[in-house]
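The values are calculated or read from the model by the stated rules, or taken from the named source; none is laboratory data. No experiment lies behind these values; they were computed from the predicted model shown. We place every Cβ from the backbone using ideal geometry, glycine too, and count neighbours over all the protein chains shown. Heads up: the accessible areas ignore ligands, DNA and RNA and are worked out on the full protein's heavy atoms, side chains in. Shrake-Rupley method; radii C 1.70, N 1.55, O 1.52, S 1.80 Å.
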Amino acid sequence: MLEKNQCYEAEITDITAEGNGVCKINGFAVFVPDTAPGDIIKLKIVKVLKNYAFGIINEIILPSPFRIDSDCNVSGKCGGCIFRHISYEEECLIKDNIVKNAFRRIGGLDPEFDSFIASDKISRYRNKAQFPLAEIDGKAVCGFYAPRSHRVIPVHDCALQPEIFSEITACILDYINSHKISVYNEASNSGMMRHIYLRKGEHSGEIMVCFVVRKNISRELMPLCQRLQDKFSDIKSLVMNINPDKTNVILGKICITLAGNDCIKDIMCGNLISVSPLSFYQVNTTQAERLYNKAREYVQPDSCLCIADLFCGAGTIGLSMADSNAHIIGIEIVSQAVENAIENARNNNILNADFYCGDAGDVFSELNISGISPDVVLIDPPRKGCSADTLNVIANSAPRKIVMISCNPATAARDAKWLCNQGFSVNKVCGADLFPRTGHVECVVLMSRKK
(Lines give C-alpha, C1' and ligand atoms only; values in the text may rest on other atoms or scores of the structure.)
Protein backbone atom coordinates (compact mmCIF):
# COMPACT_ATOMS: atom_id res chain seq x y z
CA MET A 1 0.00 0.00 0.00
CA LEU A 2 1.33 3.43 -0.93
CA GLU A 3 1.46 6.24 1.59
CA LYS A 4 0.39 9.84 1.05
CA ASN A 5 3.26 12.38 0.86
CA GLN A 6 5.83 9.64 0.23
CA CYS A 7 8.16 10.00 -2.78
CA TYR A 8 8.94 7.27 -5.31
CA GLU A 9 10.85 6.89 -8.57
CA ALA A 10 8.96 5.48 -11.55
CA GLU A 11 8.68 5.40 -15.35
CA ILE A 12 5.56 6.67 -17.14
CA THR A 13 4.36 3.88 -19.42
CA ASP A 14 0.98 5.13 -20.68
CA ILE A 15 -1.35 8.15 -20.87
CA THR A 16 -5.07 8.14 -19.97
CA ALA A 17 -7.85 9.83 -21.94
CA GLU A 18 -7.76 12.59 -19.29
CA GLY A 19 -4.07 13.23 -20.04
CA ASN A 20 -2.62 11.70 -16.87
CA GLY A 21 0.55 9.65 -17.11
CA VAL A 22 0.37 6.10 -15.76
CA CYS A 23 3.07 4.31 -13.80
CA LYS A 24 3.19 1.28 -11.53
CA ILE A 25 4.66 1.33 -8.03
CA ASN A 26 4.69 -2.00 -6.19
CA GLY A 27 2.04 -3.18 -8.63
CA PHE A 28 -0.17 -0.18 -7.78
CA ALA A 29 -1.36 2.15 -10.59
CA VAL A 30 -0.45 5.80 -10.05
CA PHE A 31 -1.72 8.65 -12.22
CA VAL A 32 0.52 11.69 -12.67
CA PRO A 33 -0.47 14.81 -14.70
CA ASP A 34 1.91 16.75 -16.95
CA THR A 35 3.97 13.68 -17.84
CA ALA A 36 4.88 11.99 -21.11
CA PRO A 37 5.32 8.30 -22.01
CA GLY A 38 8.94 7.38 -21.22
CA ASP A 39 9.47 10.02 -18.51
CA ILE A 40 11.47 8.71 -15.56
CA ILE A 41 10.38 10.83 -12.61
CA LYS A 42 10.49 11.24 -8.88
CA LEU A 43 6.88 11.70 -7.78
CA LYS A 44 5.03 12.54 -4.60
CA ILE A 45 1.83 10.69 -3.71
CA VAL A 46 -0.99 13.16 -3.02
CA LYS A 47 -4.03 10.87 -2.87
CA VAL A 48 -4.43 7.14 -2.22
CA LEU A 49 -7.60 5.22 -3.06
CA LYS A 50 -8.40 1.52 -2.83
CA ASN A 51 -7.05 0.42 -6.21
CA TYR A 52 -4.99 3.38 -7.45
CA ALA A 53 -3.35 6.62 -6.42
CA PHE A 54 -2.55 10.11 -7.71
CA GLY A 55 0.84 11.78 -7.69
CA ILE A 56 2.59 14.96 -8.76
CA ILE A 57 6.04 15.44 -10.28
CA ASN A 58 8.82 16.27 -7.83
CA GLU A 59 11.61 15.91 -10.38
CA ILE A 60 12.05 14.73 -13.96
CA ILE A 61 15.07 12.45 -13.68
CA LEU A 62 15.17 11.56 -17.39
CA PRO A 63 12.75 13.26 -19.81
CA SER A 64 10.84 11.27 -22.39
CA PRO A 65 12.00 11.50 -26.02
CA PHE A 66 8.44 12.68 -26.76
CA ARG A 67 8.56 15.58 -24.27
CA ILE A 68 8.71 19.11 -25.71
CA ASP A 69 8.55 22.61 -24.22
CA SER A 70 5.06 24.08 -24.08
CA ASP A 71 4.67 27.17 -26.24
CA CYS A 72 1.85 28.56 -24.06
CA ASN A 73 2.51 30.28 -20.73
CA VAL A 74 -0.93 29.43 -19.30
CA SER A 75 -1.37 25.85 -20.56
CA GLY A 76 -0.47 24.44 -17.15
CA LYS A 77 -3.06 26.66 -15.46
CA CYS A 78 -6.10 26.55 -17.74
CA GLY A 79 -5.83 22.80 -18.34
CA GLY A 80 -7.22 22.92 -21.87
CA CYS A 81 -4.14 21.73 -23.78
CA ILE A 82 -3.18 18.62 -21.83
CA PHE A 83 -0.83 17.43 -24.62
CA ARG A 84 1.04 20.69 -25.28
CA HIS A 85 4.18 19.26 -23.61
CA ILE A 86 4.15 16.17 -25.89
CA SER A 87 5.13 15.95 -29.58
CA TYR A 88 2.16 15.96 -31.95
CA GLU A 89 3.19 12.61 -33.48
CA GLU A 90 3.04 10.99 -30.04
CA GLU A 91 -0.25 12.76 -29.26
CA CYS A 92 -1.82 11.14 -32.35
CA LEU A 93 -0.58 7.70 -31.24
CA ILE A 94 -2.06 8.29 -27.78
CA LYS A 95 -5.42 9.36 -29.22
CA ASP A 96 -5.48 6.46 -31.68
CA ASN A 97 -4.95 4.09 -28.74
CA ILE A 98 -7.71 5.84 -26.76
CA VAL A 99 -10.15 5.03 -29.59
CA LYS A 100 -8.92 1.45 -29.97
CA ASN A 101 -8.94 0.77 -26.23
CA ALA A 102 -12.48 2.11 -25.89
CA PHE A 103 -13.83 -0.35 -28.44
CA ARG A 104 -11.72 -3.28 -27.27
CA ARG A 105 -12.11 -2.82 -23.50
CA ILE A 106 -15.45 -1.04 -23.07
CA GLY A 107 -17.21 -2.51 -26.08
CA GLY A 108 -15.49 -5.90 -26.09
CA LEU A 109 -15.22 -5.42 -29.86
CA ASP A 110 -12.42 -6.00 -32.35
CA PRO A 111 -13.30 -4.15 -35.57
CA GLU A 112 -10.96 -3.12 -38.35
CA PHE A 113 -9.34 0.19 -37.46
CA ASP A 114 -8.68 2.61 -40.31
CA SER A 115 -5.64 4.90 -40.23
CA PHE A 116 -5.95 7.73 -37.73
CA ILE A 117 -6.77 11.12 -39.30
CA ALA A 118 -4.18 13.58 -37.97
CA SER A 119 -4.47 17.35 -38.38
CA ASP A 120 -2.17 19.40 -40.61
CA LYS A 121 -2.81 22.41 -38.38
CA ILE A 122 -2.29 22.20 -34.62
CA SER A 123 -2.60 25.91 -33.73
CA ARG A 124 -5.17 28.62 -34.55
CA TYR A 125 -7.61 26.01 -35.84
CA ARG A 126 -10.71 26.76 -33.75
CA ASN A 127 -13.57 28.70 -35.34
CA LYS A 128 -15.36 29.19 -32.01
CA ALA A 129 -14.50 30.49 -28.53
CA GLN A 130 -16.55 30.97 -25.36
CA PHE A 131 -14.77 33.09 -22.76
CA PRO A 132 -16.25 33.37 -19.25
CA LEU A 133 -15.92 36.78 -17.63
CA ALA A 134 -14.83 37.55 -14.09
CA GLU A 135 -13.69 40.50 -11.99
CA ILE A 136 -10.11 40.39 -10.70
CA ASP A 137 -8.64 43.32 -8.75
CA GLY A 138 -11.59 45.48 -9.77
CA LYS A 139 -11.15 44.85 -13.50
CA ALA A 140 -13.15 42.69 -15.90
CA VAL A 141 -11.12 39.85 -17.42
CA CYS A 142 -11.93 36.88 -19.62
CA GLY A 143 -10.26 33.53 -20.17
CA PHE A 144 -10.90 29.92 -19.26
CA TYR A 145 -11.89 28.06 -16.14
CA ALA A 146 -9.09 26.34 -14.23
CA PRO A 147 -9.49 22.52 -14.19
CA ARG A 148 -12.34 21.27 -11.99
CA SER A 149 -13.27 24.79 -10.90
CA HIS A 150 -15.07 27.95 -11.97
CA ARG A 151 -12.07 30.14 -11.23
CA VAL A 152 -11.28 32.15 -14.37
CA ILE A 153 -7.69 32.09 -15.61
CA PRO A 154 -7.18 35.31 -17.63
CA VAL A 155 -5.98 34.51 -21.17
CA HIS A 156 -4.95 37.30 -23.52
CA ASP A 157 -4.23 35.11 -26.55
CA CYS A 158 -5.09 31.41 -26.79
CA ALA A 159 -2.89 29.56 -29.29
CA LEU A 160 -5.87 27.48 -30.44
CA GLN A 161 -7.94 30.53 -31.45
CA PRO A 162 -7.55 32.93 -34.40
CA GLU A 163 -5.40 35.89 -33.38
CA ILE A 164 -8.22 38.30 -34.19
CA PHE A 165 -10.24 36.80 -31.31
CA SER A 166 -7.77 38.24 -28.80
CA GLU A 167 -8.01 41.66 -30.48
CA ILE A 168 -11.82 41.55 -30.30
CA THR A 169 -11.90 40.45 -26.64
CA ALA A 170 -9.40 43.18 -25.73
CA CYS A 171 -11.68 45.77 -27.34
CA ILE A 172 -14.74 44.41 -25.51
CA LEU A 173 -12.96 44.31 -22.13
CA ASP A 174 -11.74 47.87 -22.59
CA TYR A 175 -15.34 49.00 -23.20
CA ILE A 176 -16.73 47.00 -20.25
CA ASN A 177 -14.15 48.46 -17.88
CA SER A 178 -14.38 52.05 -19.12
CA HIS A 179 -18.22 52.00 -19.02
CA LYS A 180 -18.43 50.18 -15.67
CA ILE A 181 -20.61 47.35 -17.00
CA SER A 182 -20.82 44.69 -14.29
CA VAL A 183 -19.67 41.13 -14.91
CA TYR A 184 -21.44 38.04 -13.70
CA ASN A 185 -20.89 36.72 -10.19
CA GLU A 186 -21.85 33.07 -10.06
CA ALA A 187 -22.12 32.88 -6.26
CA SER A 188 -24.63 35.73 -5.96
CA ASN A 189 -26.17 35.35 -9.44
CA SER A 190 -25.58 39.06 -10.01
CA GLY A 191 -23.84 41.17 -12.64
CA MET A 192 -24.61 41.43 -16.32
CA MET A 193 -21.87 40.16 -18.66
CA ARG A 194 -21.46 36.38 -18.46
CA HIS A 195 -19.52 35.24 -21.55
CA ILE A 196 -17.97 36.57 -24.73
CA TYR A 197 -18.85 34.08 -27.48
CA LEU A 198 -17.11 34.33 -30.87
CA ARG A 199 -17.45 32.42 -34.14
CA LYS A 200 -15.48 32.74 -37.38
CA GLY A 201 -16.07 31.19 -40.78
CA GLU A 202 -12.93 29.27 -41.74
CA HIS A 203 -13.44 29.80 -45.47
CA SER A 204 -15.57 32.97 -45.47
CA GLY A 205 -13.72 34.89 -42.75
CA GLU A 206 -17.04 36.20 -41.39
CA ILE A 207 -17.12 36.75 -37.61
CA MET A 208 -19.99 36.62 -35.12
CA VAL A 209 -19.77 38.32 -31.73
CA CYS A 210 -22.30 37.12 -29.18
CA PHE A 211 -22.61 38.75 -25.74
CA VAL A 212 -24.07 36.33 -23.19
CA VAL A 213 -25.80 38.45 -20.56
CA ARG A 214 -28.03 37.93 -17.53
CA LYS A 215 -30.57 40.58 -18.57
CA ASN A 216 -31.37 42.62 -21.66
CA ILE A 217 -28.76 45.40 -21.77
CA SER A 218 -29.01 46.22 -25.47
CA ARG A 219 -28.92 49.98 -24.81
CA GLU A 220 -25.55 49.68 -23.04
CA LEU A 221 -24.15 47.40 -25.76
CA MET A 222 -25.14 49.33 -28.88
CA PRO A 223 -22.17 51.77 -28.74
CA LEU A 224 -19.86 48.76 -28.29
CA CYS A 225 -21.37 47.14 -31.38
CA GLN A 226 -20.65 50.28 -33.39
CA ARG A 227 -17.08 50.39 -32.09
CA LEU A 228 -16.51 46.75 -33.05
CA GLN A 229 -17.99 47.21 -36.53
CA ASP A 230 -15.81 50.26 -37.13
CA LYS A 231 -12.66 48.46 -36.02
CA PHE A 232 -13.20 44.94 -37.44
CA SER A 233 -14.64 44.79 -40.95
CA ASP A 234 -15.04 40.96 -40.81
CA ILE A 235 -17.63 41.19 -38.01
CA LYS A 236 -20.93 40.52 -39.78
CA SER A 237 -23.17 39.61 -36.84
CA LEU A 238 -23.52 41.03 -33.31
CA VAL A 239 -25.96 39.17 -31.10
CA MET A 240 -27.04 39.35 -27.46
CA ASN A 241 -27.96 36.04 -25.83
CA ILE A 242 -29.94 36.31 -22.58
CA ASN A 243 -29.33 33.67 -19.92
CA PRO A 244 -30.98 34.67 -16.59
CA ASP A 245 -30.59 31.27 -14.94
CA LYS A 246 -28.14 30.25 -12.25
CA THR A 247 -26.64 27.43 -14.28
CA ASN A 248 -23.46 26.03 -15.79
CA VAL A 249 -25.09 26.11 -19.24
CA ILE A 250 -23.52 28.96 -21.20
CA LEU A 251 -26.27 29.99 -23.59
CA GLY A 252 -29.86 30.93 -22.85
CA LYS A 253 -32.78 30.42 -25.21
CA ILE A 254 -33.30 34.05 -26.30
CA CYS A 255 -31.07 35.63 -28.97
CA ILE A 256 -31.49 39.27 -30.05
CA THR A 257 -29.55 40.56 -33.05
CA LEU A 258 -28.04 43.95 -32.15
CA ALA A 259 -26.34 44.73 -35.47
CA GLY A 260 -25.58 43.04 -38.77
CA ASN A 261 -27.02 39.64 -39.66
CA ASP A 262 -28.62 36.93 -37.53
CA CYS A 263 -26.07 34.40 -38.81
CA ILE A 264 -22.66 34.19 -40.41
CA LYS A 265 -21.88 32.21 -43.57
CA ASP A 266 -19.20 29.62 -44.19
CA ILE A 267 -18.41 26.80 -46.62
CA MET A 268 -18.51 23.17 -45.46
CA CYS A 269 -17.86 20.33 -47.92
CA GLY A 270 -18.63 22.67 -50.80
CA ASN A 271 -21.97 23.85 -49.37
CA LEU A 272 -22.79 27.39 -48.24
CA ILE A 273 -23.71 27.13 -44.55
CA SER A 274 -25.53 29.59 -42.25
CA VAL A 275 -24.40 29.40 -38.63
CA SER A 276 -26.40 30.96 -35.79
CA PRO A 277 -25.39 31.28 -32.12
CA LEU A 278 -27.33 28.16 -31.10
CA SER A 279 -26.34 25.97 -34.07
CA PHE A 280 -23.91 23.11 -33.62
CA TYR A 281 -21.01 23.55 -36.02
CA GLN A 282 -17.72 21.66 -35.79
CA VAL A 283 -15.01 23.91 -34.34
CA ASN A 284 -12.26 22.68 -36.68
CA THR A 285 -13.66 23.14 -40.18
CA THR A 286 -10.82 21.57 -42.20
CA GLN A 287 -10.68 18.44 -40.03
CA ALA A 288 -14.49 18.24 -39.93
CA GLU A 289 -14.48 18.05 -43.74
CA ARG A 290 -12.04 15.12 -43.54
CA LEU A 291 -14.20 13.50 -40.88
CA TYR A 292 -17.32 13.91 -43.02
CA ASN A 293 -15.49 12.47 -46.03
CA LYS A 294 -14.71 9.36 -43.97
CA ALA A 295 -18.37 9.16 -42.95
CA ARG A 296 -19.34 9.47 -46.63
CA GLU A 297 -16.95 6.62 -47.47
CA TYR A 298 -18.73 4.46 -44.89
CA VAL A 299 -22.27 5.53 -45.89
CA GLN A 300 -21.76 5.23 -49.68
CA PRO A 301 -24.71 7.58 -50.36
CA ASP A 302 -24.89 6.71 -54.07
CA SER A 303 -26.12 3.25 -53.04
CA CYS A 304 -28.86 4.65 -50.74
CA LEU A 305 -32.49 5.56 -51.26
CA CYS A 306 -32.89 7.23 -47.88
CA ILE A 307 -30.42 8.47 -45.22
CA ALA A 308 -31.64 9.51 -41.77
CA ASP A 309 -29.34 12.07 -40.14
CA LEU A 310 -30.02 12.16 -36.39
CA PHE A 311 -28.69 15.02 -34.21
CA CYS A 312 -28.14 16.84 -37.52
CA GLY A 313 -27.44 20.34 -36.16
CA ALA A 314 -27.31 22.80 -39.06
CA GLY A 315 -27.47 19.84 -41.47
CA THR A 316 -23.82 19.91 -42.51
CA ILE A 317 -23.22 16.14 -42.53
CA GLY A 318 -26.39 15.16 -44.35
CA LEU A 319 -26.09 18.00 -46.84
CA SER A 320 -22.53 16.91 -47.65
CA MET A 321 -24.11 13.73 -49.06
CA ALA A 322 -27.06 15.38 -50.81
CA ASP A 323 -25.31 15.38 -54.19
CA SER A 324 -26.39 11.71 -54.39
CA ASN A 325 -29.94 10.64 -55.24
CA ALA A 326 -30.62 9.65 -51.62
CA HIS A 327 -33.42 11.34 -49.70
CA ILE A 328 -31.82 13.06 -46.68
CA ILE A 329 -33.92 13.29 -43.50
CA GLY A 330 -32.40 15.43 -40.74
CA ILE A 331 -33.64 15.49 -37.13
CA GLU A 332 -32.49 18.02 -34.50
CA ILE A 333 -33.96 19.23 -31.19
CA VAL A 334 -32.66 22.84 -31.41
CA SER A 335 -35.21 24.81 -33.45
CA GLN A 336 -32.74 27.52 -34.53
CA ALA A 337 -30.39 24.84 -35.87
CA VAL A 338 -33.27 23.30 -37.87
CA GLU A 339 -34.06 26.72 -39.32
CA ASN A 340 -30.39 26.99 -40.34
CA ALA A 341 -30.49 23.51 -41.90
CA ILE A 342 -33.57 24.37 -43.97
CA GLU A 343 -31.93 27.64 -45.06
CA ASN A 344 -28.71 25.80 -45.92
CA ALA A 345 -30.57 23.35 -48.15
CA ARG A 346 -32.40 26.22 -49.87
CA ASN A 347 -29.23 28.29 -50.37
CA ASN A 348 -27.50 25.34 -52.05
CA ASN A 349 -30.51 24.40 -54.23
CA ILE A 350 -30.78 21.04 -52.47
CA LEU A 351 -34.25 19.59 -52.98
CA ASN A 352 -33.73 16.06 -51.63
CA ALA A 353 -33.38 17.02 -47.95
CA ASP A 354 -36.07 17.50 -45.29
CA PHE A 355 -35.51 18.57 -41.67
CA TYR A 356 -37.60 17.97 -38.56
CA CYS A 357 -37.39 19.56 -35.11
CA GLY A 358 -37.72 17.39 -32.01
CA ASP A 359 -36.13 14.64 -29.96
CA ALA A 360 -34.18 12.31 -32.26
CA GLY A 361 -35.80 9.14 -30.96
CA ASP A 362 -39.37 10.51 -30.88
CA VAL A 363 -39.33 12.07 -34.37
CA PHE A 364 -37.55 9.09 -35.92
CA SER A 365 -40.11 6.74 -34.37
CA GLU A 366 -42.98 8.78 -35.86
CA LEU A 367 -41.30 8.74 -39.27
CA ASN A 368 -40.89 4.95 -39.05
CA ILE A 369 -44.57 4.57 -38.23
CA SER A 370 -45.46 6.71 -41.26
CA GLY A 371 -43.54 4.28 -43.48
CA ILE A 372 -40.15 5.96 -43.87
CA SER A 373 -37.46 3.29 -43.65
CA PRO A 374 -33.88 4.52 -44.22
CA ASP A 375 -31.11 2.41 -45.72
CA VAL A 376 -28.58 4.16 -43.48
CA VAL A 377 -28.94 5.89 -40.13
CA LEU A 378 -26.27 8.54 -39.59
CA ILE A 379 -25.88 9.68 -35.97
CA ASP A 380 -23.72 12.38 -34.37
CA PRO A 381 -24.85 12.36 -30.71
CA PRO A 382 -23.64 14.58 -27.84
CA ARG A 383 -20.80 13.45 -25.55
CA LYS A 384 -23.18 11.46 -23.35
CA GLY A 385 -24.09 9.29 -26.36
CA CYS A 386 -27.53 8.08 -27.41
CA SER A 387 -30.39 7.51 -25.01
CA ALA A 388 -31.80 3.99 -24.65
CA ASP A 389 -35.00 5.11 -26.40
CA THR A 390 -33.08 6.47 -29.39
CA LEU A 391 -31.01 3.29 -29.69
CA ASN A 392 -34.18 1.20 -29.53
CA VAL A 393 -35.80 3.20 -32.33
CA ILE A 394 -32.67 2.92 -34.48
CA ALA A 395 -32.44 -0.84 -33.94
CA ASN A 396 -36.15 -1.38 -34.62
CA SER A 397 -35.94 0.55 -37.90
CA ALA A 398 -33.48 -2.18 -39.06
CA PRO A 399 -31.31 -0.04 -41.39
CA ARG A 400 -28.77 -1.73 -43.60
CA LYS A 401 -26.02 0.41 -42.03
CA ILE A 402 -25.45 2.67 -39.05
CA VAL A 403 -22.67 5.26 -39.27
CA MET A 404 -21.86 6.99 -36.00
CA ILE A 405 -19.72 10.09 -35.57
CA SER A 406 -18.79 10.58 -31.94
CA CYS A 407 -16.75 13.04 -29.87
CA ASN A 408 -16.54 10.47 -27.06
CA PRO A 409 -15.08 7.05 -27.97
CA ALA A 410 -16.18 5.60 -24.61
CA THR A 411 -19.90 6.28 -25.15
CA ALA A 412 -19.57 5.37 -28.84
CA ALA A 413 -18.16 1.96 -27.84
CA ARG A 414 -20.90 1.52 -25.23
CA ASP A 415 -23.66 2.31 -27.76
CA ALA A 416 -22.02 0.14 -30.44
CA LYS A 417 -21.91 -2.79 -28.01
CA TRP A 418 -25.62 -2.36 -27.28
CA LEU A 419 -26.45 -2.28 -31.00
CA CYS A 420 -24.35 -5.42 -31.55
CA ASN A 421 -26.66 -7.20 -29.12
CA GLN A 422 -29.59 -6.08 -31.30
CA GLY A 423 -28.39 -7.67 -34.53
CA PHE A 424 -25.66 -5.36 -35.79
CA SER A 425 -21.91 -5.79 -36.15
CA VAL A 426 -19.11 -3.20 -36.00
CA ASN A 427 -17.11 -3.36 -39.22
CA LYS A 428 -14.77 -0.36 -39.10
CA VAL A 429 -13.69 2.40 -36.75
CA CYS A 430 -11.57 5.43 -37.59
CA GLY A 431 -10.16 7.93 -35.10
CA ALA A 432 -9.76 11.60 -36.06
CA ASP A 433 -8.11 14.53 -34.32
CA LEU A 434 -10.33 17.61 -34.48
CA PHE A 435 -8.88 19.12 -31.30
CA PRO A 436 -5.05 19.02 -31.44
CA ARG A 437 -3.22 19.58 -28.12
CA THR A 438 -6.41 18.89 -26.11
CA GLY A 439 -7.66 15.59 -24.69
CA HIS A 440 -10.61 15.31 -27.09
CA VAL A 441 -10.70 12.84 -29.97
CA GLU A 442 -13.42 11.96 -32.49
CA CYS A 443 -14.21 8.68 -34.18
CA VAL A 444 -16.35 7.37 -37.03
CA VAL A 445 -17.96 3.94 -36.67
CA LEU A 446 -19.37 1.75 -39.46
CA MET A 447 -21.96 -0.83 -38.40
CA SER A 448 -23.99 -3.19 -40.56
CA ARG A 449 -27.07 -5.30 -39.89
CA LYS A 450 -26.31 -8.99 -39.64
CA LYS A 451 -28.00 -11.10 -42.26
Over the range 126-218, relative contact order from alpha-carbon pairs under 8 Å, at least 6 apart, %: 28 percent
query: With a sphere of radius 10 Å drawn around the Cβ of Gly330, what net charge do the other residues whose Cβ falls strictly inside it have (Lys, Arg +1; Asp, Glu -1)?
result: -3
task: Could you provide, to the nearest whole Å², the per residue accessible area of the range 26-133 with probe 1.4 Å?
output: 50 Å²
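Once you sort the root eigenvalues of the Cα gyration tensor of the range 187-292 as a ≥ b ≥ c, which label holds: rounded (a/c under 1.5), prolate (a/b larger than b/c) or oblate (the other case)? Numbers along the way, then the final one.
Values: a/c = 2.66, a/b = 1.48, b/c = 1.79.
Oblate shape, in that a/c is at least 1.5 and b/c is the bigger or equal ratio.
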Dipole axis of the chain (+1 Lys, Arg; -1 Asp, Glu on Cβ), positive-most option in Met447, Met208, Asn248: Asn248
query: Taking a 27 Å limit on the Cα-Cα distance, which of the listed pairs Lys47/Lys121; Lys50/Lys428; Lys95/Lys417; Lys265/Lys417; Lys95/Lys253; Lys384/Lys451 fall beyond it?
result: Lys47/Lys121; Lys50/Lys428; Lys265/Lys417; Lys95/Lys253; Lys384/Lys451
task: May I ask you to compute the full-extension gain from Lys215 to Ile136, defined as 0.36 nm times their residue separation minus their alpha-carbon distance, rounded to one decimal in nm?
output: 26.2 nm
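Where does the range 344-386 land on Rg(C-alpha)/(2.2 N^0.38 Å)?
Here the Cα radius of gyration is 1.37 times the empirical estimate.
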query: Between Cys306, Ala295, His327, whose Cα lies farthest towards the positive end of the dipole of the range 287-355 when Lys and Arg beta carbons carry +1 and Asp and Glu beta carbons carry -1, centred on the Cα centre?
result: Ala295
Sorted peptide list for 101-108, 7-14, 269-276, 246-253, criterion being average Cβ within 10 angstrom, highest first: 269-276, 101-108, 7-14, 246-253
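If you roll a 1.4 angstrom probe over the protein chains with everything in place, what fraction of the accessible area of the chain belongs to carbon and sulfur, to the nearest %?
Of the solvent-accessible surface of the chain, carbon and sulfur hold 48 percent.
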query: Given Cα pairs under 8 Å that are at least 6 residues apart, what percent is the relative contact order of the range 85-168?
result: 21 percent
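Could you give the dipole magnitude of the range 152-225 about its Cα centre, charging the beta-carbon of Lys and Arg +1 and that of Asp and Glu -1, in debye to the nearest 20?
About 440 debye.
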message: Tell me the per residue accessible area of the range 193-273 using a 1.4 Å probe; a whole number in Å² is fine.
response: 44 Å²
- request: Note down the magnitude of the dipole of the chain about its Cα centre, charges +1 on Lys and Arg C-beta and -1 on Asp and Glu C-beta and zero elsewhere, to the nearest 20 debye.
  value: 980 debye
task: Treat every Asp and Glu Cβ in the range 263-391 as -1 and every Lys and Arg Cβ as +1, leave all other atoms uncharged, and give the resulting dipole magnitude about the Cα centre to the nearest 20 debye.
output: 380 debye
- prompt: Using the Karplus equation 6.51 cos²θ - 1.76 cosθ + 1.60 (θ = phi - 60°), what ³J(HN,Hα) coupling, rounded to whole Hz, does each residue of the range 240-249 give in order, writing x for Gly and Pro?
  reply: 10, 9, 9, 10, x, 7, 8, 8, 7, 5
field: Equivalent ellipsoid semi-axes - Cα gyration tensor, the range 1-65, angstrom
entry: 17, 13, 9
DSSP-defined beta bridges in the chain - what % are antiparallel, rounded to 5: 65 percent
- prompt: For Cys171 and Arg383 in the same chain, what is the full-extension length gain: residue separation times 0.36 nm, less their Cα-Cα distance, in nm?
  reply: 73.0 nm
- prompt: Taking 0.36 nm per residue of separation and subtracting the Cα-Cα distance, what length does fully extending Asn189 through Asn293 add?
  reply: 33.0 nm
Sites Asn51 and Ala398 - FRET efficiency at Förster radius 25 Å, r taken between beta-carbons, to 0.05: 0.05
field: Shape of the range 111-183, Cα gyration tensor, a/c cut at 1.5
entry: prolate
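If you take the square roots of the eigenvalues of the alpha-carbon gyration tensor of the range 278-413 and sort them as a ≥ b ≥ c, do you get rounded (a/c under 1.5), prolate (a/b over b/c) or oblate? Write down the numbers at each step before the final one.
Details: a/c = 1.20, a/b = 1.07, b/c = 1.12.
It comes out rounded by the Cα gyration axes.
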statement: the range 368-410 scanned against label point 7 Å out from Asp354 along Cα→C-beta; backbone N under 15 Å for 368-375
Sequence ranges 322-332, 195-205, 308-318, ranked by mean other-Cβ count within 10 angstrom, highest first: 308-318, 322-332, 195-205
